[in-house]
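**Student:** Dropping the structure in here first, questions after.
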Amino acid sequence: MDGLDRKILTELQQDGRLTVTELAARVQLSVSPCHRRLRDLERAGAIRGYRAVVDRAAVGLDFEALVFATLRWEDSGTVTAFEEAVAALPHVLQAQRLFGEPDYLLRIATTDLAAYQQLYDRQLARLPGVQRLTSTLVMKHV
């Protein structure tokens, strides 16, 4: 990966809907070589996909919580079962496995506190292998 590839990635991170022609102009490259580099970046896995960034407040999901999960370490199957169950929950925006304690950080969005409590009681607390959950509420994105 060279400087031009990094410029292409930077431009696409700013606006993933750029046409190849617009992208080529921004990185000062002709269309054909820009398109070739773009395809190479996609094939190499540097670009994993394109998606819309949704404003959660605009769709009514402006309540956000960070949940720290500590697991009972019974076996590797517990970790796999936990991760698969978390991946199936639509309100989990992000899940990260951590070193040390806690074991996981989950970023969750719901409509309000009542919806979060319902999600917590009915799904989060029942995730496989959970020993302890600790929640903190997001006050503001800076």
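The values are calculated or read from the model by the stated rules, or taken from the named source; none is laboratory data. Predicted, not measured: the structure shown is a model, and the values here were computed from it. Virtual Cβ from ideal backbone geometry, glycine too; neighbours counted across all protein chains shown. Quick note on the areas: whole protein, heavy atoms, side chains included, nothing else; ligands and nucleic acids left out. Shrake-Rupley method; radii C 1.70, N 1.55, O 1.52, S 1.80 Å.
**Student:** Along each of its three principal axes, how wide is the spread of alpha-carbon positions in the chain, in whole angstrom units, largest first?
**Tutor:** Computed over the chain, the largest-to-smallest principal extents equal 56, 37, 23 Å.
**Student:** Taking the Cα centre of the chain as origin, work out the dipole magnitude from +1 charges on Lys and Arg Cβ and -1 charges on Asp and Glu Cβ, in debye rounded to 20.
**Tutor:** It works out to roughly 360 debye.
**Student:** Who wins for biggest fluctuation among Val54, Val86, Val20 in a Gaussian network model of the chain, springs between alpha carbons below 10 Å?
**Tutor:** Top of the fluctuation ranking is Val20.
**Student:** Rounded to the nearest 0.05, what FRET efficiency is calculated for Thr70 and Val20 with R0 set to 35 Å and r the Cβ-Cβ distance?
**Tutor:** 0.15
**Student:** Which GluC sites (Glu not before Pro) does segment 74-142 hold that lie in a coil by DSSP with at most 13 other beta carbons within 10 Å?
**Tutor:** For GluC sites (Glu not before Pro) across segment 74-142 that sit outside H, G, I, E and B with at most 13 neighbouring Cβ atoms in 10 Å, the list reads Glu74.
**Student:** Counting heavy atoms of the protein chains only and a 1.4 Å probe, report the per residue accessible area for the chain as a whole number of Å².
**Tutor:** Spelled out: the 1.4 Å probe surface of the chain, per residue, equals 68 Å².
**Student:** Run the numbers for Ser32 and Ala46: contour at 0.36 nm per residue of separation, minus the present Cα-Cα distance, in nm.
**Tutor:** So the chain would gain 3.1 nm between Ser32 and Ala46.
**Student:** Which residue, Ala44, Gly77, Ser30, has the largest displacement toward the positive end of the dipole of segment 26-118 when charges sit on each Cβ (Lys, Arg +1; Asp, Glu -1)?
**Tutor:** With unit charges placed on the Cβ atoms, the residue in question is Ser30.
**Student:** Given the options Leu12, Leu119, Leu93, state which has the largest fluctuation in a GNM of the chain using a 10 Å cut-off (strictly under) for Cα springs.
**Tutor:** Maximum fluctuation in the GNM of the chain, among the listed residues, is at Leu12.
**Student:** I would also like to ask the following. For Lys140 and Val54 in one chain, what is 0.36 nm times their gap in residues minus the Cα-Cα distance, to one decimal in nm?
**Tutor:** Value of the extension gain: 29.3 nm.
**Student:** Would you work out what percent of the accessible area of the chain, with all protein chains in place, is carbon or sulfur (probe 1.4 Å)?
**Tutor:** Result for the chain: 50 percent of the exposed heavy-atom area is carbon or sulfur.
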